[in-house]
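The values are calculated or read from the model by the stated rules, or taken from the named source; none is laboratory data. Values in this document were obtained by computation on a predicted structure and should not be read as measured data. Positions of Cβ are generated from backbone atoms using ideal geometry, with glycine treated the same way; all protein chains shown enter the neighbour counts. Accessible surface is based on the protein model in full, side chains and every heavy atom, while ligands, DNA and RNA are left aside. Shrake-Rupley method; radii C 1.70, N 1.55, O 1.52, S 1.80 Å.
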Amino acid sequence: MPPRAIANVLRKKRILFRHDLSVMLSPMVANAAESSPQSAIRNPRLPELLAPAGDWECVKAAVENGADAIYFGLEKFNARMRANNFTEADLPKLMEFLHRRGVKGYITFNILVFQNELADAENYLRAIIAAGVDAAIVQDIGFAG
């Protein structure tokens, strides 16, 4: 199935889910407001629609079809290094594209980092932060702190 078709399916499901969620939460909101105004659910947040993207075509399809955020890997330090990935040089342009459209960008940093890779990983993370990436999906808990 092409990326645009997948994004359309996700978008339709999100609309259905949004409707179902509001119907389900209505009684909860009313009950919470009656029992404790301090803890009432005032603005329940909808789940974030997070879409994967390995290239510009996927990014554009996800954004055009309502993704709140996308996640992607770069050429190093991700578990899908053989798949289509963006490069470190693509990162500033990619994040600018996403942020102008109100979409968040999450990077996958989902591998274990070995002792001999620490310096390279630190430099890589500094470049990611400088590009304005919104969050990282990490496996190695040492990089989550």
Surface accessible to a 1.4 Å probe, ASP120 within the full protein complex, Å²: 70 Å²
Protection proxy ranking, peptides 130-140, 55-65, average beta carbon neighbours within 10 Å, highest first: 55-65, 130-140
Region 83-145: radius of gyration and largest Cα-Cα distance (Dmax), Å: 12.3, 39
Among 69-80, 100-111, the order from most to least packed when residues are scored by Cβ within 10 Å on average: 69-80, 100-111
Selection from ALA119, PHE77, CYS58, by position along the positive dipole direction of region 52-145 (Cβ): CYS58
Carbon + sulfur, % of accessible area of region 57-145 - ligands and nucleic acids excluded, 1.4 Å: 51 percent
